[in-house]
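The values are calculated or read from the model by the stated rules, or taken from the named source; none is laboratory data. Keep in mind that this is a model prediction, so the values were computed, not measured. Methodologically, a virtual Cβ is constructed for each residue, glycine included, from the backbone with ideal geometry; neighbour enumeration extends over all protein chains shown.
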Number of protein chains: 2
Amino acid sequence: MESEFIAWLGARLPRHEQLTLGIGDDAALVRLRERGDLLISTDMLMDTVDFHLEQVDPRRIGRKAMAVNLSDIAAMAGRPLAAVVSVALPRSAGLPLAKALCEGFLPLAEQFDLALAGGDTNSWDGPLVISVTILGEPTERGPLTRRGALPGDVILVTGAFGGSILGRQFDFEPRVAEALALRARYELHAGIDVSDGLTLDLSRLAAASGCGAVVEPGKIPIAEAAREFAEHEPSRGTALDHALSDGEDFELILAAPPDAARQMLADQPLGVPLTAIGQVVAEPGLWQVDAAGARRPLEARGFLH
Amino acid sequence: MESEFIAWLGARLPRHEQLTLGIGDDAALVRLRERGDLLISTDMLMDTVDFHLEQVDPRRIGRKAMAVNLSDIAAMAGRPLAAVVSVALPRSAGLPLAKALCEGFLPLAEQFDLALAGGDTNSWDGPLVISVTILGEPTERGPLTRRGALPGDVILVTGAFGGSILGRQFDFEPRVAEALALRARYELHAGIDVSDGLTLDLSRLAAASGCGAVVEPGKIPIAEAAREFAEHEPSRGTALDHALSDGEDFELILAAPPDAARQMLADQPLGVPLTAIGQVVAEPGLWQVDAAGARRPLEARGFLH
């Protein structure tokens with residue numbers, strides 16, 4: 001099946017100027033735009049864990065596999081460059097499934113000017129597994145890591161949180177353009193994308209920076225889907241609970257010095273809202289302040305692999 | 001489990017000067033030695049297809065997952081640079097399995113000066129899947145593709161073929177150093193590594209070059225394991241049959257102009273034998289010649305994914 005699939009893919013793929021040698025050899029050759037460092041990240045999605053093949057159009061699965069990797073490059077404020085995709089296909093599904101996965105991620109690759117540089121297509125008796133590795137280039141300002149946050153920094157987020165399971169977990173927009181736009185115009189100290197949960201990923205950014213974070217729960221932008229979810233299944237928590245811990249929002253958390261944050265909030269330079277939800281503090285840990293200003297611990301919750 | 005595993009791995013990993021930012025952020029940062037192009041390749045191995053977890057030390061599985069990717073870089077005559085590893089671990093096996101896989105591939109990474117630049121660790125109810133993506137750099141002479149063979153070229157192979165299932169499928173040596181040594185000293189036109197079968201991969205090299213190939217079966221170097229296999233299970237073919245089609249030898253097939261080939265054969269510059277097994281011809285297809293010089297078609301056999 002692999003040779004038939006590669007032939008189909010060869011005809012389907014657009015030419016990409018960065019791809020000096022494309023699929024079909026033992027390795028592909030990617031031309032780098034500039035000398036320097038390279039970003040690399042990888043994510044594997046599995047049936048029953050990250051999606052349910054029986055319940056969802058496989059094109060959305062293919063799209064998600066690429067989008068979560070693009071989100072990692074966005075979190076580093078990098079430019080996407082190339083990706084490779086490996087799949088283990090259930091034997092019964094075969095070529096139509098392989099093609100549907102591609103039809104899901106190829107539009108995203110085109111949107112983000114990403115060269116599809118190869119892959120590995122396998123059949124087996126197990127469930128669908130799809131693994132994507134992405135390459136990117138940091139901009140002139142360097143990669144935006146999790147490590148640079150300083151006490152006093154404002155914690156900003158793009159978009160809104162919670163309830164991604166109702167659909168946004170597949171259809172989210174990786175914040176690549178947003179990260180590049182902010183990185184180019186404003187001073188940013190640290191960044192991370194929310195894959196596992198707003199509080200969990202924020203606690204990771206804070207820990208990597210050797211700091212803590214104080215969140216004002218009243219300021220957290222709550223997605224419509226989180227409200228919907230809470231309304232239909234009140235036993236599973238409030239809309240705010242979902243926003244704090246659901247995960248798969250794939251929005252950005254950024255730490256910026258107060259002046260830059262003030263400017264960003266005033267400019268609102270993105271198509272998506274930018275919201276201040278708290279502050280970086282010197283004391284390690286995660287905290288919340290109530291309306292009266294009292295501070296108490298906030299549990300870092302989310303999806304642990 | 002993932003955070004515990006990453007902590008263990010962070011302590012276990014040697015520092016690598018090419019890795020400006022290692023595991024633990026949204027992406028890793030790899031420093032390129034030189035401006036230019038980048039080789040990228042990926043291979044996914046699955047329980048019951050590429051190995052049987054019940055029957056083999058998981059360290060050998062981890063080693064194999066890395067070694068097959070190194071073999072792809074060898075086939076392009078490139079220098080290995082960095083790799084990322086994703087795994088789907090059976091929930092029952094967990095951390096000990098993850099560590100054993102690492103203990104299998106880390107020595108190989110060190111041997112080939114390969115930076116481990118990240119990965120994705122997942123647990124699920126399915127069988128073990130391990131996916132590796134490798135980056136490499138072509139040398140000054142450029143990448144050695146499958147495409148450059150010319151009629152009249154001599155077909156050379158490293159090592160011996162057949163019976164890899166008796167153990168060499170796990171313990172083979174990726175021919176990275178051999179490919180680099182030959183590429184530096186001699187003119188080579190094309191190359192491929194034998195993953196799916198000598199005749200099948202030779203037919204791929206010939207087809208990619210728009211040529212055919214004539215093989216002298218009497219000259220094929222047959223591995224001891226192929227003889228062993230044929231002796232114990234004569235119904236499954238002769239030792240030569242195994243050498244022609246077993247696959248997972250991970251030796252190199254090279255096409256070189258006659259003068260260069262003659263010199264290489266006389267020099268025998270590698271620790272492993274270099275053998276001429278036939279010739280590239282203009283007419284597409286795969287052929288064998290008998291001792292009397294008569295030519296007849298040779299079936300391209302091997303493992304089709």
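Among the residues of region B:35-56, which ones are in contact with an Asp or Glu (Cβ under 6 Å, 6 or more places away or on another chain), buried (at least 19 other Cβ atoms within 10 Å of the Cβ) and either of a type in the set (S, T, N, Q) or more than 10 Å from chain A (Cβ to nearest Cβ) (or both)? B:Ser41, B:Thr42 - these are the residues of region B:35-56 that are in contact with an Asp or Glu (Cβ under 6 Å, 6 or more places away or on another chain), buried (at least 19 other Cβ atoms within 10 Å of the Cβ) and either of a type in the set (S, T, N, Q) or more than 10 Å from chain A (Cβ to nearest Cβ) (or both). Only a single item in (1) over 20 Å from A:Leu19 (Cβ atoms); (2) under 24 Å from the mean Cα position of the chain (by Cα); (3) at the interface with another protein chain (Cβ under 9 Å from one of its Cβ atoms) is not met by A:Asp120, and it is number (1). If we scan region B:236-249, do we find a residue that is within 14 Å of chain A (Cβ to nearest Cβ) and touching a Lys or Arg at 6+ places or on another chain (Cβ under 8 Å)? Checked region B:236-249: no residue is within 14 Å of chain A (Cβ to nearest Cβ) and touching a Lys or Arg at 6+ places or on another chain (Cβ under 8 Å). Just one of (1) closer than 28 Å to B:Pro90 by Cα; (2) surrounded by fewer than 18 Cβ atoms within 10 Å (Cβ to Cβ); (3) assigned by TED's automatic domain parsing to the domain that holds B:Gly247 fails for B:Ala177. It is (1). Every listed requirement among (1) of a type outside the set (A, V, I, L, M); (2) surrounded by fewer than 17 Cβ atoms within 10 Å (Cβ to Cβ); (3) touching an Asp or Glu at 6+ places or on another chain (Cβ under 8 Å) is met by B:Glu4 save one, (3).
Take B:Leu200 and decide whether it is under 21 Å from B:Arg296 (Cβ atoms) and within 15 Å of the chain's Cα centre (by Cα). Against the criterion (under 21 Å from B:Arg296 (Cβ atoms) and within 15 Å of the chain's Cα centre (by Cα)), B:Leu200 qualifies. Only residues that are in a loop (DSSP other than H, G, I, E, B) and crowded, with 24+ Cβ neighbours inside 10 Å were counted across region A:147-169, and they come to 4. Screening region A:1-101 for strands (runs of 3 or more DSSP E) wholly inside it with 3 or more residues that are closer than 21 Å to B:Gln18 by Cβ returns the ranges A:28-31, A:37-46, A:78-90. For A:Arg147, the conditions (1) out of contact with any helix residue (DSSP H, G or I) (no Cβ under 8 Å at 6 or more places or on another chain); (2) outside the structural domain of A:Asp57 (by TED's automatic domain parsing) are fulfilled apart from (1). Against the conditions (1) within 13 Å of chain B (Cβ to nearest Cβ); (2) surrounded by fewer than 24 Cβ atoms within 10 Å (Cβ to Cβ); (3) closer than 26 Å to A:Gly167 by Cβ, A:Leu32 satisfies every one except (3). Checking A:Gly210, A:Gly191 one by one, the residue that is within 14 Å of another protein chain (Cβ to nearest Cβ), over 12 Å from A:Ala160 (Cα atoms) and buried (at least 23 other Cβ atoms within 10 Å of the Cβ) is A:Gly191 and no other.
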